[in-house]
Amino acid sequence: MGLEELTSEEISLILATAKSTQKIFSQEKKQPLPLKGKLIINLFYEPSTRTRTSFEIAGKRLGADIINFDFSTSSMSKGETFKDTVLTLHAMKPDIIVIRHSAPGAPQFIANNISASVINAGDGAHEHPTQALLDLLTIKETFGRIERLRVAIVGDIGHSRVARSNIWGLTKLGAHVRVAGPPTLIPSHIEKMGIEVFYDVDAAIKDVDVIMCLRLQTERQNQNLFPSLKEYSQFFGINQARLSKAKPGAMVMHPGPINRGVEITSDVADGEKSLILKQVANGIAVRMALFYLLARENHKNVAH
Ligand code: CP
């Protein structure tokens, strides 16, 4: 249910499939529809712009019927439980359920209770595997490799499922990863994941190839994890002055949504070193690859 469980070979297969998918679908001729007749349900219990939309586009491009479940108008408001909701939707025979939930382990829980394939679109602070896969694809396209690159993940590491999935993925593919941010936002013992920890962002980004900024989860502000947004931005935000002291070829990433002027300034987010919109575009290719590989796997299972 995350990159923690995938091998480096499995991750590489998904990236290679995403690359082929991009090539096939950039051509003008009529494309194959490997998911024709398949039903996908997007089950998002948390807000999303990028992830939900790109799963929907990916499913439609491959010929699937895709339904967006809106929990705010669902019978959960009448007291129906999460499990009953999932079992009800599953009785409608979807082939794949894509789920985002605030509870870590929710995708695994439903995978244990239904026979359809389940894709984790983000579970609490645990993992956001498809985000990390699209980040890996973006890095690979930009630098031609992932192995031996230095990547600094900067910001609210403690609350970030994106950070966790990227640490698993990047280290499995041979990158050197460091995290940087205020001590209150960096989990203790995180270095056991095979990474370095910095509390000084300037030192952390000095010689890296990729600076991956994270959204500051402002909803945690009332826990006094840092003094103020202004101070956070001053000491940990990626701005042009800070970036100018980094390696000349360093590129900047952000999974979105961004807080402009907090973890990243607008001139950096919109500047020539920003890969942010490339990341968004690659989200479709990665999610098409996953749908395609799952459909192929299920077909094999049926055939055997
Ligand atoms: N990166 C990401 O998960 O964005 P959304 O919340 O908009 O899906």
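A few comments on the model shown:
- GLY105 meets all of the listed conditions (1) within 16 Å of the ligand (Cβ to nearest atom); (2) at positive phi; (3) surrounded by fewer than 23 Cβ atoms within 10 Å (Cβ to Cβ) but one, namely (1).
- Scanning segment 259-280 for residues that are more than 16 Å from the ligand (Cβ to nearest atom) and either in a strand (DSSP E or B) or under 24 Å from PHE55 (Cβ atoms) (or both) yields a count of 0.
- Matching entry among GLY256, GLY249, GLY283 (being on the phi > 0 side of the Ramachandran plot, outside any strand (DSSP E or B) and touching a residue at least 40 places away in the same chain (Cβ under 8 Å)): GLY256
- Selection count, segment 140-158, where residues are assigned to a loop (DSSP other than H, G, I, E, B) and either within 13 Å of CYS213 (Cα to Cα) or not assigned by TED's automatic domain parsing to the domain that holds PRO257 (or both): 3
- Check on GLY37, closer than 16 Å to SER117 by Cα and in the same structural domain as ASN112 (by TED's automatic domain parsing): yes
- Scanning segment 20-41 for residues that are crowded, with 17+ Cβ neighbours inside 10 Å and either in contact (Cβ under 8 Å) with a residue 60 or more places away in the chain or within 16 Å of the chain's Cα centre (by Cα) (or both) yields a count of 5.
- Here MET92 meets each of (1) closer than 22 Å to LEU133 by Cβ; (2) in contact with a strand residue (DSSP E or B) (Cβ under 8 Å, 6 or more places away or on another chain) with one exception, condition (1).
- Test: residue in segment 194-202 that is among the hydroxyl-bearing types (Ser, Thr, Tyr), open to solvent by 50 Å² or more (accessible area, probe 1.4 Å) and without any contact (Cβ under 8 Å) to a residue 12 or more places away in the chain: no
- Qualifying residue in segment 117-140 (condition: surrounded by fewer than 17 Cβ atoms within 10 Å (Cβ to Cβ) and away from the ligand (no atom under 16 Å from the Cβ)): no
- Residue check, ASP207 within 16 Å of SER233 (Cβ to Cβ) and either open to solvent by 10 Å² or more (accessible area, probe 1.4 Å) or part of a strand (DSSP E or B) (or both): no
- Picking from residues in segment 41-75 that are more than 21 Å from ALA281 (Cα to Cα) and in contact with a helix residue (DSSP H, G or I) (Cβ under 6 Å, 6 or more places away or on another chain), the one that is farthest from the ligand (Cβ to nearest atom) is ILE41.
The values are calculated or read from the model by the stated rules, or taken from the named source; none is laboratory data. A quick note: this is a predicted structure, and the numbers were derived from the prediction, not measured. Please note: Cβ atoms are built from the backbone with ideal geometry, for glycine as well, and neighbour counts cover all protein chains shown. Areas reflect the complete protein model, heavy atoms only, side chains present, ligands, DNA and RNA absent. Shrake-Rupley method; radii C 1.70, N 1.55, O 1.52, S 1.80 Å.
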